[in-house]
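First the structure, in the form of structure tokens, and then the observations on it.
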Amino acid sequence: MNYPLVTAVIKEPYYQIPDWLNTDVAYTEYVKLTGQTTSDEVELFIAMLLGYNNIDIKGTPHEVLKRLFDESDVVIGGGIYFESNDRIIPPSCCSGLEAWRDVLDSVINRKSPWMGHNPTPRMEFADNIVRVWSDDSNEEDVDKNELYYIDFDYVEFIAKLEMVESDLMEFARVPLFNRFLEFDLALANDVVKRFESWFIFKGD
């Protein structure tokens, strides 16, 4: 593991899994989206993608995915996750994976991005160091004794954030594609294309 770690995740994928997927998967709090995402984690991603967007999961994969594809705006809870040894700083409430580039843009402009609330992670910039705090000490009811941070070299941090795009593309084109390939090649290709438009090239 290349610490400190910067990766895209979905958070709290606690949604009903469609019966055409493996329904015996154990739930986890986070799913890291990379080319190494496991088959069980892909099931959780699909279930959350459908559930988070209030898609009726009854029917065949083709029927269910058509409902998703017909949505005008597809989003999912998650964002950028930071980890260093025993410290993790995940995206918080109301943070969405679709807005991950906002974090990169903010860092390039040396501004603290919005990464959710309760807790409210924030960044400080000093010379060549970016300090990512677990919460905002200026918020009410924050116990300053419980705050912690992860430091990054500024140039290395930008490089790690830029790698998120490659990680997401590998996730879409390998584990996610392979899962839908079990149903239909055309469907698998369509899922990858849609994923890229929702979460990688959104707004381009």
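The values are calculated or read from the model by the stated rules, or taken from the named source; none is laboratory data. Note that this is a predicted model, so its numbers are computed, not measured. Glycine also receives a Cβ, built like all others from the backbone with ideal geometry; neighbour counts cover every protein chain displayed. For accessibility, only protein heavy atoms count, side chains too; no ligands or nucleic acids. Shrake-Rupley method; radii C 1.70, N 1.55, O 1.52, S 1.80 Å.
Each part reduced to its alpha carbon centroid, region 86-136 and region 34-63 end up 27 Å apart.
With K and R counted +1 and D and E -1, the other residues having a Cβ less than 15 Å from that of residue 35 yield a net charge of -2. Return one number: the angle in degrees, 0 to 90 and rounded to the nearest 10, between the long axis of the Cα atoms of helix 185-195 and the longest principal axis of the Cα atoms of the chain. On a 0 to 90 degree scale, this one is about 30.
Springs join every pair of Cα atoms under 10 Å in this Gaussian network model of the chain, and among 106, 72, 134 the largest mean-square fluctuation is at 72.
Between residue 20 and residue 71, the modelled labels are 1.7 nm apart [label points 7 Å from Cα along Cα→Cβ]. By the helix-only formula, in which each DSSP H run with n ≥ 4 contributes -39500 (n - 2.57) and the sum is divided by residues, the chain has a 222 nm mean residue ellipticity of -10000 deg cm²/dmol. Counting only protein chain heavy atoms and rolling a 1.4 Å probe, the accessible areas of 169, 163, 115 rank, largest first, as 163, 169, 115.
Taking a sphere under 13 Å around the Cβ of residue 177 and counting the other residues whose Cβ falls inside, with K and R at +1 and D and E at -1, yields a net charge of -1. Among the listed values (1) 17.5, 55; (2) 18.4, 67; (3) 33.4, 127, the one computed from these coordinates for Rg and Dmax of the Cα atoms in Å is (1). Roughly what angle does helix 154-171 make with the longest principal axis of the chain, taking Cα atoms, 0 to 90 degrees, to the nearest 10? In the chain, helix 154-171 runs at an angle near 10 degrees to the longest axis.
Between 0 and 90 degrees, the angle of helix 39-52 with respect to the longest Cα principal axis of the chain falls at about 90 degrees.
Report, in listed order, any pair from 66/193; 58/202; 160/193 with a Cα-Cα distance greater than 21 Å. Intermediate values should be presented prior to the final figure.
Values: 66/193 14 Å; 58/202 28 Å; 160/193 24 Å.
Over 21 Å apart, Cα to Cα: 58/202; 160/193.
Within the shell of other residues whose beta carbon sits under 13 angstrom from the beta carbon of residue 123, the net charge comes to -2, with Lys and Arg scored +1 and Asp and Glu -1.
Given R₀ = 22 Å, FRET efficiency for residue 190-residue 166 by Cβ-Cβ distance, to 0.05?
0.55
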